[in-house]
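Colleague: I have a structure here, written as structure tokens, and I will follow up with some questions on it.
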Amino acid sequence: MRPTTKSFSQLVYDLTKQIPKGKVTTYGILARRLGRPKAGRAVGRILGANPHPIVVPCHRVVKSDGTLGGYSGRGGIRTKFELLGHEGVEIRNDRVDLSKFLFKDFKAKP
DNA sequence: AGCGCGGCTTTTC
DNA sequence: CGAAAAGCCGCGC
């Protein structure tokens, strides 16, 4: 889809692109950042459909509890692990330390 | 700790 | 164009 206005998905990708290497964020945070605290699932749906796999590092987005969640990219969830680990994010038992790698300093307005 | 329900956007028929 | 299904969640019970 390609609405003329900046749609939800557009903002989701925008925020995701802001995540620096070695940091991660959660679907819930993204949703709240966009004004939809309950749209976590929608965010997942959007990232899953990710039409910009190169521009948008959707692998840097994990669940609110620290688990990676899922990944529809090539290689599946495994790739997500590799990518994060390769970027410096320490993963303990399928989990990310949100207390140290959580990034939420998104720019207020683009 | 595990299960179920709710809330949201995008996509497809 | 309108309606229905789906999806990498979140949170409560």
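The values are calculated or read from the model by the stated rules, or taken from the named source; none is laboratory data. Quick caveat, the model's predicted, so the values are computed rather than measured. Neighbour counts are summed over all protein chains in view; Cβ atoms, including those assigned to glycine, are modelled from backbone coordinates with ideal geometry. Quick note on the areas: whole protein, heavy atoms, side chains included, nothing else; ligands and nucleic acids left out. Shrake-Rupley method; radii C 1.70, N 1.55, O 1.52, S 1.80 Å.
Colleague: Among residues belonging to the range A:49-62 that are out of contact with any Lys or Arg (no Cβ under 7 Å at 6 or more places or on another chain) and open to solvent by 40 Å² or more (accessible area, probe 1.4 Å), point out the one that is farthest from DNA strand B (Cβ to nearest atom).
Modeller: The selected residue is A:54.
Colleague: Using the structure shown, decide if residue A:89 is open to solvent by less than 50 Å² (accessible area, probe 1.4 Å), among the aliphatic types (A, V, I, L, M) and in a loop (DSSP other than H, G, I, E, B). Walk me through how you get there before you give the answer.
Modeller: Values: open to solvent by less than 50 Å² (accessible area, probe 1.4 Å): yes; among the aliphatic types (A, V, I, L, M): yes; in a loop (DSSP other than H, G, I, E, B): yes.
It is true that residue A:89 is open to solvent by less than 50 Å² (accessible area, probe 1.4 Å), among the aliphatic types (A, V, I, L, M) and in a loop (DSSP other than H, G, I, E, B).
Colleague: Is there a residue being more than 16 Å from residue A:107 (Cα to Cα), more than 15 Å from DNA strand B (Cβ to nearest atom) and open to solvent by less than 50 Å² (accessible area, probe 1.4 Å) anywhere in the range A:14-35?
Modeller: Scanning the range A:14-35, I find at least one residue that is more than 16 Å from residue A:107 (Cα to Cα), more than 15 Å from DNA strand B (Cβ to nearest atom) and open to solvent by less than 50 Å² (accessible area, probe 1.4 Å), so the answer is yes.
Colleague: Also, quick follow-up: Could you grab the pairs with beta carbons closer than 8 Å, sequence gap of 6+ or different chains, first residue in the range A:79-104 and over 18 Å from residue A:16 (Cα atoms), second one of a type in the set (Lys, Arg) and not in a loop (DSSP other than H, G, I, E, B)?
Modeller: Taking only residues 6 or more apart or on different chains, the pairs are A:90/A:100.
Colleague: Separate question: Name the single residue that is farthest from DNA strand B (Cβ to nearest atom) among those in the range A:36-47 being open to solvent by 20 Å² or more (accessible area, probe 1.4 Å) and among the hydrophobic types (A, V, I, L, M, F, W, C).
Modeller: Looking at residues that are open to solvent by 20 Å² or more (accessible area, probe 1.4 Å) and among the hydrophobic types (A, V, I, L, M, F, W, C), I get A:46.
Colleague: Would you confirm whether any residue within the range A:1-10 is open to solvent by 40 Å² or more (accessible area, probe 1.4 Å), closer than 20 Å to residue A:106 by Cβ and hydrophobic (A, V, I, L, M, F, W, C)?
Modeller: yes
Colleague: Would you point out the residue of the range A:92-110, among those that are assigned to a helix (DSSP H, G or I) and not hydroxyl-bearing (Ser, Thr, Tyr), that is most open to solvent (accessible area, probe 1.4 Å)? Before the answer, list the steps.
Modeller: Of all residues in the range A:92-110, those assigned to a helix (DSSP H, G or I) come to A:98-101.
Those left that are additionally not hydroxyl-bearing (Ser, Thr, Tyr): A:98, A:100-101.
Values: A:98: 33, A:100: 120, A:101: 24 Å².
The residue in question is A:100.
Colleague: Checking the condition among the hydroxyl-bearing types (Ser, Thr, Tyr) and out of contact with any Gly (no Cβ under 8 Å at 6 or more places or on another chain), which residue from A:67, A:79 passes?
Modeller: Criteria check complete, one pass: A:67.
Colleague: Also, I was wondering about something else. Conditions: (1) under 11 Å from the mean Cα position of the chain (by Cα); (2) buried (at least 18 other Cβ atoms within 10 Å of the Cβ); (3) outside any loop (DSSP other than H, G, I, E, B). Residue A:71 meets all but one. Number of the miss?
Modeller: Going through (1) under 11 Å from the mean Cα position of the chain (by Cα); (2) buried (at least 18 other Cβ atoms within 10 Å of the Cβ); (3) outside any loop (DSSP other than H, G, I, E, B) one by one, residue A:71 breaks only (3).
Colleague: Just one of A:28, A:35 is in a helix (DSSP H, G or I) and either near DNA strand C (Cβ under 7 Å from one of its atoms) or at positive phi (or both); which is it?
Modeller: Going through A:28, A:35 in turn, the sole match is A:28.
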